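So the structure is just underneath, and the comments pick up after that.
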Amino acid sequence: MRKIDLERRHGNIMRNSFDLSLINREAKDNLIELINTSEYLYKSQIRHIVKEIEELKTRIVLLAGPSSSGKTTTSHLIRTSLQEKGIDSFVVSLDDFFKNREDTPRLPDGSYDFESINAIDLEYLNKFIDEILEKRQSKMPIFDFITGKRKDQLIDVNLKENTVVIFEGIHALNPMLINDHENDIYKIYICLNSNFFIGDGIIIPAKRLRQMRRLIRDYNFRGHSLSKTFELWSNVLRGEDMYIKPFKTTANYILDSTHMYEPLVYATYLSPLLKDMQEKDAKELYSMLQKCGKLNKDIVPEGSLLNEFIK
């Protein structure tokens, strides 16, 4: 653990694996070091991205990735890092441009297709993008995920001439959003690329860790029961394959947001919620988490990406 080759994790990270048995042991023997190393591995990627944005003098940053990969926190950390370098920046969440729930496209079974790019009000968004890039001012909506509707009030956005605009959302790399400013765009794809293993077997695949994040986030912040999130999960994955992953290869940088110690936090927080559930996915996740040591969520540092899901 203490001899991790950090340089190997910089740049475009395609696949890494963590030894869960070693992490369990480190959590007992060297907890602070485990947490600090995890946070460093993530934030060193942020520093690399900010350096490239600064050197390229980029004015548009597109940050996309599948559900619960950490887009919101990452976009704001990039903004903060740019501000520290004296570079003005502004974050636009594409989630705020969702259509009202009753106007959301539907799947063949009649349920809402929240993963479709057509769940976004593209006409409104494209108008906003044009105004923000050409006039440096516009009005931005606010979407309420609890009510499923756009709020009545709008945000007045007024930007400086050289402000870096960071667009974050699952569809941010889709060319239907911005297709005529290619030379001034820096593209980031964020995901969880690291599996957790014991011996020769994968205990927690990256996709399952992301599912844990989504369960906790939806339960805490979006008014969904765990059963509702499990019900939506297959469509989430279908939407990712159709609308998100095809544009992964266009990214300038692929960022791995996995934190080595996060399964141990979920073992404490999520396991009790899963314990008596009958869904197959719930039983499988519960079994995975029983292989993990347990850490209280209070050990997660201020400013950590994990707080996007657990606090």
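The values are calculated or read from the model by the stated rules, or taken from the named source; none is laboratory data. Computed from a predicted model, the values in this text were never measured in an experiment. Positions of Cβ are backbone-derived with ideal geometry, glycine not excepted, and every protein chain shown enters the neighbour counts.
Couple of notes before you dig in:
- Looking across segment 208-231, the residues that are in a helix (DSSP H, G or I), modelled with pLDDT under 95 and surrounded by fewer than 19 Cβ atoms within 10 Å (Cβ to Cβ) come down to Arg217, Tyr219, Asn220, Phe221, Lys228, Glu231.
- Residue in segment 96-116 that is more than 26 Å from Val236 (Cβ to Cβ), part of a helix (DSSP H, G or I) and touching a residue at least 24 places away in the same chain (Cβ under 8 Å) present: no
- Ser138 meets all of the listed conditions (1) under 27 Å from Thr249 (Cβ atoms); (2) modelled with pLDDT of 95 or more but one, namely (1).
- Beta carbons closer than 8 Å, at least 6 apart along the sequence or on distinct chains, pair a first residue in segment 223-250 that is under 30 Å from Ile178 (Cα atoms) with a second that is of a type in the set (D, E, K, R) and part of a helix (DSSP H, G or I) for Trp233/Arg214; Trp233/Asp281; Val236/Arg214; Leu237/Lys207.
- Qualifying residue in segment 283-291 (condition: in contact (Cβ under 8 Å) with a residue 24 or more places away in the chain, under 18 Å from Arg217 (Cα atoms) and not in a helix (DSSP H, G or I)): no
- Tally, over segment 139-164, of residues that are in contact (Cβ under 8 Å) with a residue 60 or more places away in the chain and either under 25 Å from Glu54 (Cα atoms) or loosely packed, with under 12 Cβ neighbours inside 10 Å (or both): 7
- Close pairs from segment 127-138: first part of a helix (DSSP H, G or I), partner at pLDDT below 90, Cβ under 8 Å, at least 6 apart: Ile129/Leu177; Ile129/Ile178; Leu133/His181
- Residue pairs whose Cβ atoms lie under 6 Å apart, separated by 6 or more positions or on different chains, with the first residue in segment 54-75 and at negative phi and surrounded by 18 or more Cβ atoms within 10 Å (Cβ to Cβ) and the second basic (Lys, Arg) and not in a helix (DSSP H, G or I), are Leu62/Lys187.
- Taken over segment 165-198, the residue count meeting the criterion of being in contact (Cβ under 8 Å) with a residue 60 or more places away in the chain and over 21 Å from the mean Cα position of the chain (by Cα) is 4.
- Within segment 101-117, the presence of a residue that is among the polar types (S, T, N, Q), touching a strand residue (DSSP E or B) at 6+ places or on another chain (Cβ under 7 Å) and within 21 Å of Thr58 (Cα to Cα) is excluded.
- Hey, Pro205 under 14 Å from Phe247 (Cβ atoms) and surrounded by fewer than 21 Cβ atoms within 10 Å (Cβ to Cβ) or not: no
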